[in-house]
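The values are calculated or read from the model by the stated rules, or taken from the named source; none is laboratory data. Just so we're clear, the structure is a prediction, and the values are computed from it rather than from any experiment. Reconstructed Cβ throughout: ideal geometry from the backbone, glycine too, with neighbour counts over all protein chains shown. Surface accessibility is based on the protein's heavy atoms, side chains included, excluding ligands, DNA and RNA. Shrake-Rupley method; radii C 1.70, N 1.55, O 1.52, S 1.80 Å.
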Amino acid sequence: DHQPKGDSSSNRVTVSQLHTRFASIQGELKRVLDGINEGKILSSFDILSKVTDAVVVSCEALGLASEVPVVETFHRDNFWRALNQCWLVALQNVSAARADEDRLREEHILHLKESVVQWGNKLDQYGLVDYEMGFRESDIIDSLDTILRSVRAAEAAAAEAILDK
């Protein structure tokens, strides 16, 4: 009889609690995408980071870490697809910031990269990184690297324009 790591009666949650938690996560992901559409890039990434962190920290309790889903009607691959899609859509739209204070700056991008690597390290113990079912760490890091290069190039160009005056 194989028991998943860390599975104990105190760790178990009811099916209704899981449905409530996943509905809450989906609601937060929708808030992220709505914020991106409104040009609120920085606050959207703040929400997305908090949601991702909560998912990673609660991975076992949410039933995402075990081979057998805790809730039979729950499709984990759809969950991961939604989370990854939210990340990738948000990253594709970082230039849509409507105001200067909504922009991602170099320090924000570096912090996001650090967080993504930490989440990947934690999820890797469950085999939930860069596979069909799991967190697409490498795609997200690649996007962040591209954005970082773009931000640095724009900052360098702006500094050069000031010097040329």
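Given a Förster distance of 41 angstrom, what is the FRET efficiency for Gln85 paired with Leu163, based on the Cβ-Cβ distance and rounded to 0.05?
Numbers: r = 42 Å, r/R0 = 1.01.
Efficiency, from the Cβ-Cβ distance: 0.50.
If I take all pairs of Cα atoms in the chain, what percentage of them are more than 28 Å from each other?
Numbers: 3927 of 13530 pairs.
Here the tail beyond 28 Å accounts for 29 percent of pairs.
Tell me, what ³J(HN,Hα) does each residue in segment 91-99 have, in order and in whole Hz, if you take phi through Karplus 6.51 cos²θ - 1.76 cosθ + 1.60 with θ = phi - 60° and put x for Gly and Pro?
For segment 91-99, the Karplus curve yields 5, 5, 10, 4, 7, 7, 4, 7, 10 Hz.
Excluding ligands and nucleic acids, what accessible area in Å² is computed for Thr146 using a 1.4 Å probe, to the nearest 10?
80 Å²
Return one whole number: the accessible area per residue of the chain in Å², for a 1.4 Å probe.
Details: 9680 Å² over 165 residues.
Ligands and nucleic acids excluded, the result is 59 Å² per residue.
Put a dot 7 Å past each Cα toward the Cβ at Val117 and Ala96; how far apart are the dots in nm?
2.9 nm
Return the distance in nm (one decimal) between the two label points of a simple spin-label model at Ser150 and Asp130, each offset 7 Å from Cα along Cα→Cβ.
Modelled inter-label distance: 2.3 nm.
For segment 73-136, just say rounded, prolate or oblate: build the C-alpha gyration tensor, square-root its eigenvalues into a ≥ b ≥ c, call rounded for a/c under 1.5, and beyond that prolate if a/b exceeds b/c, oblate if not.
Working: a/c = 3.70, a/b = 1.67, b/c = 2.22.
Oblate.
Quick one: with all protein chains in place, what share of the accessible area of the chain is carbon or sulfur, to the nearest percent (1.4 Å probe)? Don't jump to the answer; show the numbers that get you there.
Values: 4910 of 9680 Å².
That share works out to 51 percent.
Compute the long axis of helix 106-124 from its Cα atoms, compare it with the longest principal axis of the Cα atoms of the chain, and write down the angle in degrees, 0 to 90, nearest 10.
20 degrees
Among Phe135, Gln125, Thr52, which residue has its Cα positioned farthest towards the positive end of the charge dipole of the chain, with +1 placed on the Cβ of Lys and Arg, -1 on the Cβ of Asp and Glu, and the dipole taken about the Cα centre?
Of Phe135, Gln125, Thr52, it is Thr52.
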